[in-house]
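S.K.: Here you go, one structure.
The values are calculated or read from the model by the stated rules, or taken from the named source; none is laboratory data. Predicted, not measured: the structure shown is a model, and the values here were computed from it. So basically every Cβ, Gly included, is an ideal-geometry build from the backbone, and we count neighbours across all protein chains shown. Keep in mind that these areas ignore ligands, DNA and RNA; they rest on the heavy atoms of the full protein, side chains included. Shrake-Rupley method; radii C 1.70, N 1.55, O 1.52, S 1.80 Å.
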Amino acid sequence: MNVNEYIASVLETVKKRNPGEAEFHQAVEEVLETLKPVIEAHPEFQAAGLIERLVEPERIIKFRVPWVDDSGKVQVNRGYRIQFNDAIGPYKGGIRFRNNVTESVIKFLGFEQIFKNSLTGLPIGGGKGGSDFDPKGKSDAEVMRFCQSFITELYKYIGADVDVPAGDIGVGGREIGFMFGQYKRLTGLYEGVLTGKGLTYGGSLARTEATGFGLCYFTEEMLKANGKSFKGQTVVISGSGNVAIYAAVKATALGGKVVAMSDSNGYIYDKNGIDIAAVKQIKEVRRGRIKEYLSDHKDAVYGDNCSDIWGVKCDIALPCATQNEIDEASAKKLIANGCYCVSEGANMPSTPEAIAALQGAGVLFGPAKAANAGGVATSALEMSQNSMRYSWTFEEVDEKLHGIMVNIFKNCDEAAAKYGMPGNYAAGANIAGFLKVANAMMAQGIV
Ligand code: NDP
């Protein structure tokens, strides 16, 4: 079977075995297409059934999460943890709480996580989890009861050397704290089983900032390699959660001007540059809506369709909200308005058609699994600090994060060039991330 036939047959099996899981199919297809030259150069991978094994999760844990709301009514959600691949280290990846979470979403995120974690250069395997529970609009007590119920089942399958979950959409410091407290109570163990913990109980300085900061460090390297920088550039950032806020902080510190941000209801545009402290106050402290920004920013305007943010004129766009938020039409709007760089803070925010349009127009494209790897890299640094019973300063962690992101860009750039696709950082990220995992799998036999 030649490489094209081999990949086509693996994809067909993935589709048959995971019917209707569109996000998962999309993620697998995107990766496998770019791996063709590598698989061709390594016939031993095909002989060892390596790709067939790579696309099949090692374990899928799926469970009921019952809890009682403030009115005394019993609620039932569904929980997931997908332990995808532990060839290079214990499973590691976030937990997402959002009403649109399905097995397909967790599977695509877990699959992507394998390559992302490998790219960090740190010893972490790929996994992801979540639930269709949405903390938005729930009281702290409801969120606590839900988190306790979720961990009461999940604690059996995780551990500091087994599987170390972290935050993602809808899971921040509050949720991690509740889950850590319940894990400790059930197991009697004080260990680094979750990352993104609070600073008083084992969290790492700079973890909160890491994904957004890391995204800008990666993007700055990509810009530099192409004779550009953030300095004086207009930046649009979607979302206003953890990743978006700290991407806005760092893009501004690097000399960019962030003019628009969004939430799932709409977007704000401020020609004076977004007042990030005000966004933090609304989203991090008050857990409010981005529209509230208008009440004390008279020059700002609001649009009530979040995807219209891609029509705002910018040089650099950083999608930091959710999957498939940039479709082909949005990509074309960005291109028409002169945007020359799109770098992904969210996971899989661009559809395949959007990526093709952007790359076809020569837009610099920073793929999520490389550009947003700073979060998980710093989570791995949190694991190291927990093992050592020691903490590094903010500056120490930030410096390590910066070094990791510089290295990730270099590896993507070199891998793309080596396999005949110079400047295609998406292909470079897939190849560089894949090779380390593939070599580890080959060494460990058929498992
Ligand atoms: P948060 O829950 O902190 O924030 C998510 C933000 O995105 C919120 O502002 C939310 O708005 C907004 N949002 C959700 N859906 C849409 C939409 N369709 N259009 C516009 N805005 C939307 O999550 P994070 O910041 O942690 O995660 C954002 C992305 O980054 C996700 O793809 C995640 O997987 C990825 N990521 C996160 C990492 C991390 O360390 N946290 C690490 C690597 C990747 P609303 O307030 O209305 O819900």
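S.K.: Restrict the check to segment 276-294 and report whether at least one residue is in contact (Cβ under 8 Å) with a residue 12 or more places away in the chain, open to solvent by less than 20 Å² (accessible area, probe 1.4 Å) and more than 15 Å from the ligand (Cβ to nearest atom).
M.R.: Looking for residues that are in contact (Cβ under 8 Å) with a residue 12 or more places away in the chain, open to solvent by less than 20 Å² (accessible area, probe 1.4 Å) and more than 15 Å from the ligand (Cβ to nearest atom), one finds none in segment 276-294, hence no.
S.K.: May I ask you to say which residue of Gly79, Gly72 is assigned by TED's automatic domain parsing to the domain that holds Glu142 and closer than 29 Å to Val447 by Cα?
M.R.: Working: Gly72 fails: closer than 29 Å to Val447 by Cα.
Step by step, each of Gly79, Gly72 is checked, and only Gly79 is assigned by TED's automatic domain parsing to the domain that holds Glu142 and closer than 29 Å to Val447 by Cα.
S.K.: Go through Lys128, Lys184, Lys138, Lys156 for me and flag whichever is of a type in the set (D, E, K, R) and within 12 Å of the ligand (Cβ to nearest atom).
M.R.: Working: Lys184 fails: within 12 Å of the ligand (Cβ to nearest atom); Lys138 fails: within 12 Å of the ligand (Cβ to nearest atom); Lys156 fails: within 12 Å of the ligand (Cβ to nearest atom).
Within the list Lys128, Lys184, Lys138, Lys156, the selection yields Lys128.
S.K.: Return the residues of segment 168-200 that are farther than 17 Å from Gly93 by Cβ and assigned to a loop (DSSP other than H, G, I, E, B); say none if nothing qualifies.
M.R.: Scanning segment 168-200 gives Gly188, Leu189, Tyr190, Glu191, Gly198.
S.K.: Can you tell me which of (1) outside any strand (DSSP E or B); (2) under 24 Å from Lys369 (Cβ atoms); (3) in contact with a Phe, Trp or Tyr (Cβ under 9 Å, 6 or more places away or on another chain) is the one Val236 doesn't meet?
M.R.: (1)
S.K.: Determine which single condition Val259 fails, assuming it passes every other condition in (1) away from the ligand (no atom under 14 Å from the Cβ); (2) buried (at least 24 other Cβ atoms within 10 Å of the Cβ); (3) part of a strand (DSSP E or B).
M.R.: (2)
S.K.: Select from segment 357-410 the residues that are of a type in the set (S, T, N, Q) and buried (at least 23 other Cβ atoms within 10 Å of the Cβ) and write down the one among them that is farthest from Pro90 (Cα to Cα).
M.R.: As a first pass, look at segment 357-410 and keep what is of a type in the set (S, T, N, Q): 359, 372, 378-379, 384-387, 391, 393, 407.
Adding the requirement that they be buried (at least 23 other Cβ atoms within 10 Å of the Cβ) leaves 372, 378-379.
Working: Asn372: 20, Thr378: 15, Ser379: 13 Å.
Across segment 357-410, the extreme among qualifying residues is Asn372.
S.K.: Since Pro165 meets every condition but one in (1) within 16 Å of the ligand (Cβ to nearest atom); (2) closer than 19 Å to Tyr91 by Cβ; (3) surrounded by fewer than 21 Cβ atoms within 10 Å (Cβ to Cβ), which condition does it not meet?
M.R.: (3)
S.K.: Search segment 376-400 for residues that are assigned to a helix (DSSP H, G or I) and at pLDDT below 95 and pair each with any residue that is surrounded by fewer than 22 Cβ atoms within 10 Å (Cβ to Cβ) and β-branched (Val, Ile, Thr) when their beta-carbon atoms are under 7 Å apart and the residues are at least 6 apart or on different chains.
M.R.: none
S.K.: Taking helices (runs of 4 or more DSSP H) that fall entirely within segment 1-119, which contain at least 1 residues that are of a type in the set (Ser, Thr, Tyr)?
M.R.: Details: elements: 3-17, 22-41, 43-47, 50-54, 103-119.
Passing ranges, in order: 3-17, 22-41, 103-119.
S.K.: Restricting to segment 18-51, count the residues that are in contact (Cβ under 8 Å) with a residue 12 or more places away in the chain, within 25 Å of Gln323 (Cα to Cα) and of a type outside the set (Val, Ile, Thr).
M.R.: The qualifying residues number 15.
S.K.: One residue is enough: does segment 227-235 have a residue meeting the conditions within 15 Å of the ligand (Cβ to nearest atom) and crowded, with 22+ Cβ neighbours inside 10 Å?
M.R.: Taking segment 227-235 as the starting set, the residues that turn out to be within 15 Å of the ligand (Cβ to nearest atom) are none.
The answer is no; no qualifying residue exists.
S.K.: Looking for whichever is outside the structural domain of Pro349 (by TED's automatic domain parsing), surrounded by 19 or more Cβ atoms within 10 Å (Cβ to Cβ) and over 26 Å from Gln26 (Cα atoms) here; the options are Ser149, Ser118. Which one fits? It would help to see each step written out before you state the result.
M.R.: Working: Ser118 fails: over 26 Å from Gln26 (Cα atoms).
Every option except Ser149 fails the conditions.
S.K.: For segment 329-377, what are the residues that are over 10 Å from the mean Cα position of the chain (by Cα) and closer than 27 Å to Glu396 by Cβ?
M.R.: The first filter runs over segment 329-377 and keeps only residues over 10 Å from the mean Cα position of the chain (by Cα), leaving 329-343, 350-367, 377.
Residues satisfying the conditions are Ser343, Gly366, Ala377.
S.K.: Moving on. Determine if segment 219-226 includes at least one residue that is assigned by TED's automatic domain parsing to the domain that holds Val342, within 16 Å of the ligand (Cβ to nearest atom), buried (at least 20 other Cβ atoms within 10 Å of the Cβ) and of a type outside the set (D, E, K, R). Spell out the reasoning first.
M.R.: Initial filter on segment 219-226 (assigned by TED's automatic domain parsing to the domain that holds Val342): 219-226.
Then drop every residue that is not within 16 Å of the ligand (Cβ to nearest atom), which leaves 219.
Now restrict to residues that are buried (at least 20 other Cβ atoms within 10 Å of the Cβ): 219.
From what is left, the residues that are of a type outside the set (D, E, K, R) are 219.
Checking segment 219-226: at least one residue is assigned by TED's automatic domain parsing to the domain that holds Val342, within 16 Å of the ligand (Cβ to nearest atom), buried (at least 20 other Cβ atoms within 10 Å of the Cβ) and of a type outside the set (D, E, K, R).
S.K.: With respect to the numbered conditions (1) of a type in the set (Asp, Glu); (2) part of a helix (DSSP H, G or I); (3) away from the ligand (no atom under 11 Å from the Cβ), which one is the sole condition not fulfilled by Asp308?
M.R.: For Asp308, the exception is condition (3).
S.K.: So Arg207 passes all but one of these: (1) within 16 Å of the ligand (Cβ to nearest atom); (2) over 23 Å from Phe97 (Cα atoms). Which condition number does it fail?
M.R.: Evaluating Arg207 over (1) within 16 Å of the ligand (Cβ to nearest atom); (2) over 23 Å from Phe97 (Cα atoms) leaves (2) as the failure.
S.K.: Which numbered condition trips up Val342, out of (1) outside any loop (DSSP other than H, G, I, E, B); (2) within 14 Å of the ligand (Cβ to nearest atom); (3) under 23 Å from Asp263 (Cα atoms)?
M.R.: The failed condition is (2).
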